[in-house]
1. Can you find even one residue in region 191-212 that is over 13 Å from the mean Cα position of the chain (by Cα), buried (at least 20 other Cβ atoms within 10 Å of the Cβ) and at pLDDT 95 or above?
2. Looking at Ala108, Ala163, Ala118, can you tell me which residue is buried (at least 22 other Cβ atoms within 10 Å of the Cβ), in contact (Cβ under 8 Å) with a residue 40 or more places away in the chain, closer than 27 Å to Ala82 by Cβ and touching a strand residue (DSSP E or B) at 6+ places or on another chain (Cβ under 8 Å)?
3. List the pairs whose first member sits in region 168-194 and is assigned by TED's automatic domain parsing to the domain that holds Arg120 and charged (D, E, K, R), whose second member is surrounded by 18 or more Cβ atoms within 10 Å (Cβ to Cβ) and assigned to a helix (DSSP H, G or I), and whose Cβ atoms are under 8 Å apart, counting only residues at least 6 apart or on separate chains?
4. Just name the residue that is surrounded by the most Cβ atoms within 10 Å (Cβ to Cβ) out of those in region 127-147 that are among the aliphatic types (A, V, I, L, M) and either without any contact (Cβ under 8 Å) to a residue 12 or more places away in the chain or in a loop (DSSP other than H, G, I, E, B) (or both).
5. Ala113 passes all but one of (1) under 23 Å from Met203 (Cα atoms); (2) in contact with a helix residue (DSSP H, G or I) (Cβ under 7 Å, 6 or more places away or on another chain); (3) surrounded by 16 or more Cβ atoms within 10 Å (Cβ to Cβ); which number fails?
6. If only one of Arg5, Arg16 is assigned to a loop (DSSP other than H, G, I, E, B), within 14 Å of the chain's Cα centre (by Cα) and touching a residue at least 40 places away in the same chain (Cβ under 8 Å), which one is it?
7. Is it the case that Asp73 is out of contact with any Leu (no Cβ under 7 Å at 6 or more places or on another chain), closer than 23 Å to Ala172 by Cα and modelled with pLDDT of 95 or more?
8. Testing Arg84 on (1) under 22 Å from Ser18 (Cα atoms); (2) part of a helix (DSSP H, G or I), one condition comes back false. Which one is that?
Amino acid sequence: MPLSRPEQPIRLHAMRLSGHAHRAMLCLSLLGLPFETIEVNLAAGEQKQPAFLAMSPFGQVPVIEDGDTVIFDSNAILVYLAKRYGDASWLPDDPIGAAHVAQWLSLAAGQIAHGPCAARLIKLFGYALDYDAAVRISTQLFNVIEPAFGKRPFAAGAQPTIADVAAYTYIAHAPEGGISLEPYPNVRAWLARIEALPGFVAMPKSPVPAAA
């Protein structure tokens, strides 16, 4: 149960196949918070309309409305929810624990975004990005975190934190970008531990692209 609850359901502006939006949804669900999802039609350009840009000036999902509080950016949303409604296990107060979580938030915005996220954008949505670079970055990422997950059950230590929430979706959906997780048993075991957490919700799967 959350330490406190919002006075009314949190409004999550999202797109169902956005991994960034799924981070916010997963965090809300893991914390047991009431929320309603407002689907943003990106293909129709709803994210470019003035009302949406007033909440998210870069025209990106996700955005949450918690009463009068509006937060955009998926990692910022995770920090807000953990600090506002979660206990300290989700975002530790001690310097070392907080630093370990911050490292993974940087990975989520760096190697994960430019690796498995980018590969998925190319394969599923036709983004004009460098696929070879995305595969190279993904391989380097997985080669680093594979042995790390052999030493600890979760991203930042013995308990799940928002580091796991930030990292989970695009790694779990890496095969949708043509990147296999078969060589990484420790990573796959970590994904299974996240999926076993009470309140876990999955992002819909898309067909895995055929091999070239």
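The values are calculated or read from the model by the stated rules, or taken from the named source; none is laboratory data. All values derive from a computational prediction rather than experimental measurement. Heads up, the Cβs are rebuilt from the backbone with ideal geometry, glycines too, and the neighbour counts pull from every protein chain shown.
1. no
2. Ala163
3. Listed pairs, sorted by first residue: Glu176/Arg120; Glu176/Lys123.
4. Checking each candidate, the answer is Leu129.
5. With (1) under 23 Å from Met203 (Cα atoms); (2) in contact with a helix residue (DSSP H, G or I) (Cβ under 7 Å, 6 or more places away or on another chain); (3) surrounded by 16 or more Cβ atoms within 10 Å (Cβ to Cβ) applied to Ala113, the lone miss is (2).
6. Arg16
7. The answer is yes for Asp73.
8. Answer for Arg84: the failing condition is (1).
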